[in-house]
1. On the protein heavy atoms, probe 1.4 angstrom, tell me the percent of accessible surface of the chain carried by carbon and sulfur.
2. Between the helical axis of 256-274 and the dominant principal axis of the chain, each derived from Cα atoms, what acute angle in degrees is found, rounded to the nearest 10?
3. Based on a Kirkwood Rh over C-alpha pairs, give the Stokes-Einstein translational diffusion coefficient of the stretch 115-167 at 37 °C and viscosity 0.692 mPa s in µm²/s.
4. Cross-link list Lys92/Lys163; Lys54/Lys106; Lys3/Lys103; Lys64/Lys96: which exceed 31 angstrom alpha carbon to alpha carbon?
5. What's the FRET efficiency of Ser208 with Asn236 using the Cβ-Cβ distance as r and R₀ = 30 Å, to the nearest 0.05?
6. Which whole-Hz ³J(HN,Hα) couplings does the stretch 132-143 yield from phi under the Karplus relation 6.51 cos²θ - 1.76 cosθ + 1.60, θ = phi - 60°, glycine and proline marked x?
7. With runs of 4+ DSSP H residues as the only contributors, calculate the mean residue ellipticity of the chain at 222 nm using -39,500 (n - 2.57) per run, divided by the residue total and rounded to the nearest 500.
8. Would you list which aspartates and glutamates come within 12 Å of Lys256, measuring only between C-alpha atoms, while excluding same-chain residues fewer than 8 positions from it?
Amino acid sequence: MDKFYNETLFKLDTAINELEIEVDCPTQSVEAIIHLIVNCLSEVREYVLKRGFKNVDEEIRFFKHQKPVIFSKLIYYNTIYKIETKKPNGAKSIKKYLNRELKKLKRYFDNNLDFYKYYRTNNTSLDETLFVRGNHDIKLCLDTGYFHSDLTFSTSHDYKVAKIIGNDLVQVYIEDQLYNKDQEGKPKASKKLNWTGSKVAIIELIYSLHYQGVFENGNADIRLIAKYFEDAFNVNLGNYYQTYLELRNRKMNPTKFLDTLRETLIKKMDEQDEK
């Protein structure tokens, strides 16, 4: 299952990135991406129903960590599509509209706070109830939509995990839109160097510096840091939070670039000591 999932996710991400680059119209790009994700989920469903799971642990891992990553992309792009197609004209109207959308996300968070805590703290005590098919517990106040879902490819809470991940991405998208509105007309940082490494590498670096608290005694907003790096190094980071989430969910070596930096620096120091 892990090999199939990793290959499927890689192909999906590659196809999404190509569409975001190639299609000029953002809404057309999002429409195409939504179709891609729907088809991908259909293929994954077919694979799961045909192959099944080796054991309960594999089933839990799929419905708690793997399916939600793919489904969260559908939630994210579908939400962005609705936001963009319903966006009003005028800067003030747009800001009010986007802030209302943020409040919707906050309401969902407030209404599902207990599960947010369970998921965010990596709790596993209820996993066999929440992430194994047919093991739902009505006492957990299930969403009515669960009973209309495909119960052969759904558990009581895999959608909620996808919603958490998707809402995180939507929140960053909206806040980035609001930040860009606030920055319109303000002078940009001068461009001195071009970043020629990968986008994933610089995002890995940005988040490590942010969490280390090296800017403004740890009080600098991640959006401000990302924007500064974009301007200073002439690079478009795109949806950097989505990339960060994918790094965080990467099982093998999520800090590949930082590890390489460390190894390269130590190697050069050793070489210089030998001279």
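The values are calculated or read from the model by the stated rules, or taken from the named source; none is laboratory data. As the structure is a prediction and not an experimental result, all values here were calculated from the model. Every residue, glycine among them, receives a Cβ derived from its backbone with ideal geometry; neighbour counts consider all protein chains shown. Surface areas here come from the heavy atoms of the whole protein model, side chains and all, with no ligands, DNA or RNA. Shrake-Rupley method; radii C 1.70, N 1.55, O 1.52, S 1.80 Å.
1. 52 percent
2. The answer is roughly 40 degrees.
3. Translational diffusion coefficient: 287 µm²/s.
4. Lys54/Lys106; Lys3/Lys103; Lys64/Lys96
5. 0.90
6. So the Karplus estimates, Gly and Pro as x, are 10, 4, x, 9, 5, 10, 4, 5, 8, 6, 6, 5 Hz.
7. -22500 deg cm²/dmol
8. Partners within reach: Glu204.
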